[in-house]
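The values are calculated or read from the model by the stated rules, or taken from the named source; none is laboratory data. Keep in mind it's a predicted model, so treat the numbers as computed, not measured. So basically every Cβ, Gly included, is an ideal-geometry build from the backbone, and we count neighbours across all protein chains shown. Each accessible area value is taken on the protein alone, full model and side chains, heavy atoms only, with ligands, DNA and RNA left out. Shrake-Rupley method; radii C 1.70, N 1.55, O 1.52, S 1.80 Å.
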Amino acid sequence: MKRKWWHDKVAYQIYPKSFLDTNGDGIGDLRGIISKLDYLKELGIDIVWLSPIYKSPFVDQGYDISDYYKIAEEFGTMEEFDELLEEAKKRDMYIVMDLVVNHCSDQHEWFQKALADPKGEYAGYFYFIKGKDGKAPSNYRSYFGGSAWEPVPGTDKYYLHMFAKEQPDLNWENPKLRQEIYKMINWWLDKGLAGFRIDAIINIKKDLNFPSFEPDGPDGLATCVKMVEEVQGVGELLEDMKHATFEKYDAFTVAEVFNMKDDELREFIGEDGHFSTMFDFSTHELSFSEHGWYDSREVGFEEWRDTIFASQKEVEDIGFKANIIENHDEPRGASRFLPKYAQNEAGKKMLATTSILLRGIPFIYQGQEIGMTNCRRNDISEYDDISTLDQYNEALRAGCTKEKALECCYENSRDNARTPMQWSAEKNAGFSDETPWLALNPNYTEINVEEQEHRADSVLSYYRKLVALRKDPEYKETFTYGSFIPEYTDEEKIFAFRRVSETDGKELLVAANYGEEDRTLKLDRADAKVLLTNMDICEEMEKELREKQELTIPSCGAAVLLL
Ligand code: GLC
Ligand code: CA
């Protein structure tokens with residue numbers, strides 16, 4: 001495998017609106033991000049991905065862009081952005097922006113011009129399609145609910161929006177539109193950006209016949225995913241984009257890809273793939289159901305672990321996936337993947353251990369490093385997310401009580417991850433002097449950076465040690481390029497794997513006990529060295545290994561051994 005500059009990097013996702021507000025408008029900003037670069041550096045972060053900071057009406061929290069060349073006023077100015085790039089560079093850090101080009105905002109100039117002249121040039125930047133029998137061209141349900149088609153006023157046409165109606169899809173078949181997008185991408189790369197996280201990109205290829213599908217819900221619609229799954233040819237568009245942009249800059253690209261076809265992994269992230277890497281959502285997808293949050297699937301430990309293992313094996317000879325526990329679209333990992341008895345500091349450290357040391361590029365989401373959790377709300381009006389609102393209503397329509405529908409939001413809402421970052425126990429968690437745009441999780445008085453900063457056994461301190469271990473010159477080769485070998489798979493509630501380097505023969509064992517009882521594992525050697533545990537029991541473990549060739553791991557314990 002050809003070595004790339006980003007292979008051994010550790011990344012961090014910032015959700016700017018909720019990171020740190022420095023001017024008292026309740027909204028996080030670029031100044032806030034700049035002021036925390038040292039904090040991120042100390043955590044061991046190399047690559048910082050910013051969720052969208054472009055000009056936007058914020059119907060979908062910035063994933064609806066009205067000007068790709070402007071910074072949203074809420075976040076600051078272009079000068080401040082340039083300063084961020086410079087400050088990052090000084091610290092050997094890389095800035096990666098979100099690239100949202102499946103759709104733009106209905107407030108974007110292109111769309112406004114298209115509406116003003118539905119037969120003109122700009123209409124060709126979108127999908128303006130004639131209706132059928134006085135109805136929409138097809139029966140697609142958008143990702144955020146309701147028809148994916150909206151009438152174009154004054155015409156018999158409809159425009160396509162796979163997400164909200166304020167997010168019209170861009171027509172990638174139009175070479176002019178593609179050139180506009182490439183020009184914009186290169187403009188940012190010229191500024192010194194290291195690359196992009198690429199939003200919802202699989203959706204850019206449409207079946208231009210827009211066939212209807214068998215309805216899959218009481219609304220008589222069929223999810224637009226069906227079209228995405230059946231249409232061929234997204235790869236040609238992705239290659240075209242890569243050659244015209246990223247490739248020339250050796251940029252880092254991490255794609256958000258759902259619904260890829262089987263056997264396409266190599267084309268996507270192989271050595272000459274469309275992207276550097278893509279997120280591993282395999283365990284997040286396990287809980288998906290056909291109808292939405294109200295009937296989410298329960299996922300057991302073994303299914304979860306084995307899904308990660310299978311994904312690690314699948315990608316091993318192909319490339320690297322980007323490993324996450326959570327992001328801005330998902331509930332908090334500590335609330336989701338840990339059983340109740342493990343939802344404590346030990347459990348959070350265990351979850352970190354079995355994620356950060358996998359093969360792939362680790363992405364830490366803001367607040368994960370202090371163990372932030374889901375947040376309970378008493379009323380749907382306390383949420384500020386278009387998708388949560390849709391899922392709440394969907395649950396009510398399916399006959400759920402208000403309590404049950406709110407419970408679904410507590411477990412699944414994207415806002416769980418979007419509550420303001422908890423910097424301290426002070427007013428507004430140190431996030432802002434004024435009322436934050438989204439209410440804080442009340443547990444900030446206990447879970448916050450300030451409290452954990454200097455406490456040696458805090459979740460934050462552990463994350464620092466874990467990232468440092470991954471990047472330690474002694475072990476970096478093994479953690480980056482070493483193969484992945486599942487271990488102790490027959491042992492109940494044990495999550496264990498070996499990382500083995502072909503280059504220098506080093507072997508590391510990562511073992512964690514997700515069960516409620518202590519567990520003892522047999523080892524075939526007595527001389528293993530314990531590099532890290534989440535319970536401060538390295539010496540006890542080494543003694544037991546020497547005397548009995550056994551390793552006892554307490555409930556919620558995790559250990560990293562040099563074999
Ligand atoms: C991606 C983003 C999500 C957004 C959607 C539409 O899934 O991560 O936040 O709502 O695309 O842009
Ligand atoms: Ca602000």
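Quick look at the numbers
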| item | result |
| --- | --- |
| Matching residues in the stretch 58-85 - criterion: being within 14 Å of ligand 2 (Cβ to nearest atom) and in a helix (DSSP H, G or I) | 80 |
| Qualifying residue in the stretch 93-115 (condition: away from ligand 1 (no atom under 16 Å from the Cβ), at pLDDT 95 or above and in a loop (DSSP other than H, G, I, E, B)) | yes |
| Every pair of residues 6+ apart whose Cβ atoms lie under 6 Å, when the first sits in the stretch 384-398 and is more than 18 Å from residue 416 (Cβ to Cβ) while the second is open to solvent by less than 70 Å² (accessible area, probe 1.4 Å) and more than 16 Å from ligand 2 (Cβ to nearest atom) | 396/405; 398/294 |
| Residue match in the stretch 55-69 (condition: surrounded by fewer than 19 Cβ atoms within 10 Å (Cβ to Cβ), modelled with pLDDT under 95 and out of contact with any strand residue (DSSP E or B) (no Cβ under 8 Å at 6 or more places or on another chain)) | no |
| Residues within the stretch 12-57 that are touching a residue at least 60 places away in the same chain (Cβ under 8 Å) and away from ligand 1 (no atom under 15 Å from the Cβ), tallied | 15 |
| Residues satisfying the stated conditions in the stretch 540-563, i.e. open to solvent by 10 Å² or more (accessible area, probe 1.4 Å) and either modelled with pLDDT under 95 or touching a Phe, Trp or Tyr at 6+ places or on another chain (Cβ under 9 Å) (or both) | 555, 562 |
| Any chance residue 525 is loosely packed, with under 13 Cβ neighbours inside 10 Å and farther than 25 Å from residue 321 by Cβ | yes |
| Single residue of the stretch 268-286 satisfying the filter (free of Cβ contacts under 8 Å to residues at least 40 places away in the same chain and open to solvent by 20 Å² or more (accessible area, probe 1.4 Å)) that is farthest from residue 493 (Cα to Cα) | 272 |
| Test: residue in the stretch 219-230 that is at pLDDT below 95, over 30 Å from residue 86 (Cα atoms) and open to solvent by 20 Å² or more (accessible area, probe 1.4 Å) | yes |
| Single residue of the stretch 182-210 satisfying the filter (basic (Lys, Arg) and buried (at least 20 other Cβ atoms within 10 Å of the Cβ)) that is nearest to ligand 1 (Cβ to nearest atom) | 197 |
| Any hit, the stretch 209-223, residues being closer than 27 Å to residue 90 by Cβ and part of a loop (DSSP other than H, G, I, E, B) | no |
| Test: residue in the stretch 95-107 that is of a type outside the set (Gly, Ala, Ser), open to solvent by 30 Å² or more (accessible area, probe 1.4 Å) and touching a Gly at 6+ places or on another chain (Cβ under 7 Å) | no |
| Residue among 475, 481 that is farther than 28 Å from residue 285 by Cβ and not hydrophobic (A, V, I, L, M, F, W, C) | 475 |
| Qualifying residues in the stretch 14-53 (those that are of a type in the set (A, V, I, L, M) and part of a helix (DSSP H, G or I)) - the one nearest to ligand 2 (Cβ to nearest atom) | 30 |
| Any hit, the stretch 190-207, residues being away from ligand 2 (no atom under 16 Å from the Cβ), without any contact (Cβ under 8 Å) to a residue 24 or more places away in the chain and of a type in the set (D, E, K, R) | yes |
| Extreme residue, nearest to ligand 2 (Cβ to nearest atom), among residues of the stretch 424-437 that are closer than 16 Å to residue 372 by Cβ and open to solvent by 20 Å² or more (accessible area, probe 1.4 Å) | 428 |
| Filter result for residue 552 (in contact with a helix residue (DSSP H, G or I) (Cβ under 8 Å, 6 or more places away or on another chain) and more than 26 Å from residue 480 (Cβ to Cβ)) | yes |
| Per-region count, the stretch 438-485, residues open to solvent by 50 Å² or more (accessible area, probe 1.4 Å), outside any helix (DSSP H, G or I), at pLDDT 95 or above and touching a Ser or Thr at 6+ places or on another chain (Cβ under 9 Å) | 2 |
| Which numbered condition residue 90 misses (of (1) more than 30 Å from residue 32 (Cα to Cα); (2) without any contact (Cβ under 8 Å) to a residue 12 or more places away in the chain; (3) not aromatic (Phe, Trp, Tyr)) | (1) |
| Failed criterion for residue 435 (all others in (1) in a helix (DSSP H, G or I); (2) of a type in the set (S, T, N, Q); (3) in contact with a helix residue (DSSP H, G or I) (Cβ under 9 Å, 6 or more places away or on another chain) hold) | (1) |
